[in-house]
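A.B. asks: What follows is a single structure, and I will ask about it in a moment.
Every read-out reported here was derived from the displayed coordinates using simple, explicitly stated rules and does not represent laboratory data. Worth saying up front: this structure is predicted, and the values here are computed from it rather than measured. Here the Cβ positions follow ideal geometry from the backbone for every residue, glycine too, while neighbour counts run over all protein chains shown.
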Amino acid sequence: MIELENVSMTYPGGIEALKNVNINIEKGEFVFIVGSSGSGKTTLFKLLLKELDPTAGNITVAGYDYSKIKNKDIPKVRRRIGVVFQNFRLLKDRTIYENVAFAQRVIQTPARYIRRRVPAMLTLVGLADKYKELEGGEQQRVAMARALVNNPDIILADEPTGNLDPKNSLDIMNLLEDINKRGTTVVVVTHNKDIVNEMKKRVITLKKGVIISDEKEGGYIDED
Ligand code: ADP
Ligand code: MG
């Protein structure tokens, strides 16, 4: 589902954010990508979304070879990836329903399909009958519903629990695990040590742009 072959990313100015990275993630896997600040996690995330192009190597996502992909196909591959961020990135002036529906409107989904799909996704994340102000954990649930509404093959999350307390963090992780059990490939970038150690998933550890460990039921490797 995701393949990186000898991928390097050197920013203008010479900072080598990733050096010769090789990763193969199969359909249906749940993978944590960990590493201290500056290790290259967000760079990797941006490469997977094709927001950045690597300075060397090859990236394939959902069957699309990024070195050969046509411009018109980039939105198609992004549609197959649901994205969740640390700061939720919700539209503040819209309702919960509208935030999720928006993800479908931008890809011209028919209204009758949106009317069915949005409530189903809000129910899935446990927000079926919420109308009041949302706290952080709830905002992240809305963001998850939005990420899921177009039925992606892959969920990519960059520090999804970075702004949440331990209880909400665990809830969001359990939700990601449920989604994974329904067949979606899940990749979570995090430095939440407790959660990584508790969940016993595959853990890929980056240090200064290099993979120093890739373990099937891994734990958090302390670098600092
Ligand atoms: P992480 O997400 O693990 O903290 P990043 O991928 O953000 O790491 O950064 C990896 C390295 O690349 C760091 O040394 C960072 O300063 C550098 N870097 C990140 N983005 C840029 C950029 N746009 N231009 C130049 N250097 C960058
Ligand atoms: Mg980062």
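A.B. asks: Which far-off residues, 5 or more places away or on another chain, put their amide H under 5 Å from the one on residue 207, with H placed in the peptide plane?
C.D. replies: 212
A.B. asks: To continue, here is another question. What relative contact order, as a whole-number percentage, does segment 77-196 give when Cα pairs under 8 Å and 6 or more residues apart are counted?
C.D. replies: It comes to 36 percent, rounded to a whole number.
A.B. asks: Oh, and also: Go ahead and run the numbers for FRET between residue 208 and residue 80, Cβ-Cβ distance against an R0 of 35 Å, rounding to 0.05.
C.D. replies: 0.70
A.B. asks: Could you tally the net charge around residue 181, taking each other residue with its Cβ under 14 Å from the Cβ of residue 181, Lys/Arg +1 and Asp/Glu -1?
C.D. replies: Overall, the nearby charge balance is 0.
A.B. asks: Quickly work out the residue 115-to-residue 221 label distance, labels modelled 7 Å from Cα along the C-beta direction, and quote it in nm with one decimal.
C.D. replies: 5.4 nm
A.B. asks: Would you look at the GNM of the chain, springs on alpha carbons closer than 10 Å, and say which of 26, 16, 135 moves the most?
C.D. replies: Sorting by GNM fluctuation, first place goes to 135.
A.B. asks: If you don't mind, another one. Would you mind counting up the charge near residue 69? Only other residues with Cβ under 12 Å from its Cβ, with Lys and Arg at +1 and Asp and Glu at -1.
C.D. replies: After counting each charged neighbour, the total is +3.
A.B. asks: Spin-label point model (7 Å from Cα, Cβ direction): what's the residue 181 to residue 151 distance in nm?
C.D. replies: In this crude spin-label approximation the distance works out to 2.1 nm.
A.B. asks: Work out, step by step, the length gained on full extension between residue 65 and residue 93: first 0.36 nm times the residue separation, then minus their alpha carbon distance; give nm to one decimal.
C.D. replies: 6.3 nm
A.B. asks: Then there's this: If I model a spin label as a point 7 Å beyond the Cα along the Cα-Cβ vector, how far apart are those points for residue 197 and residue 29 in nm?
C.D. replies: Going from the residue 197 label point to the residue 29 one covers 2.4 nm.
A.B. asks: Sequence gap at least 6, Cα distance under 8 Å: using those rules, report the relative contact order of the chain to the nearest whole percent.
C.D. replies: Relative contact order here is 29 percent.
A.B. asks: Something else about it: Counting only residues 5 or more places away or on other chains, whose amide H sits under 5 Å from the amide H of residue 84 once H atoms are built in the peptide plane?
C.D. replies: Counting only residues 5 or more places away or on other chains, the set is 156, 157, 158.
A.B. asks: Roughly how many debye, to the nearest 20, is the charge dipole of the chain about its Cα centre, given +1 on each Lys and Arg Cβ, -1 on each Asp and Glu Cβ, and no other charges?
C.D. replies: In total the dipole reaches around 1180 debye.
A.B. asks: Would you give the gap between the C-alpha center of segment 178-208 and the C-alpha center of segment 32-56, rounded to a whole Å?
C.D. replies: When both Cα centres are located, 15 Å separates them.
A.B. asks: Please identify, among 184, 123, 205, the residue showing maximal mean-square fluctuation in a Gaussian network model of the chain using a 10 angstrom Cα cutoff.
C.D. replies: Sorting by GNM fluctuation, first place goes to 123.
A.B. asks: Once you have a ≥ b ≥ c as the square roots of the Cα gyration tensor eigenvalues for the chain, tell me rounded if a/c is under 1.5, and otherwise prolate or oblate according to whether a/b is larger than b/c.
C.D. replies: oblate
A.B. asks: Sticking with this one: How high is the relative contact order of segment 4-136, in percent, with contacts defined as C-alpha pairs under 8 Å that are six or more residues apart?
C.D. replies: 17 percent
A.B. asks: I've got another one for you. Among 176, 91, 206, which one moves the most in a GNM of the chain with springs linking Cα atoms closer than 10 Å?
C.D. replies: The residue with the greatest mean-square fluctuation here is 91.
A.B. asks: Related question: With both bridge residues required to lie in the chain, what share of the DSSP beta bridges run antiparallel, to the nearest 5%?
C.D. replies: 50 percent
A.B. asks: List the lysines whose alpha-carbon lies under 27 Å from that of residue 181, not counting same-chain residues fewer than 8 positions away?
C.D. replies: Residue 181 reaches 27, 41, 46, 50, 76, 130, 167, 193, 200, 201, 216.
A.B. asks: Taking the mean number of other Cβ atoms within 10 Å as a proxy for protection, how do you rank 2-13, 95-106 from highest to lowest?
C.D. replies: By packing density, highest mean first, the sequence is 95-106, 2-13.
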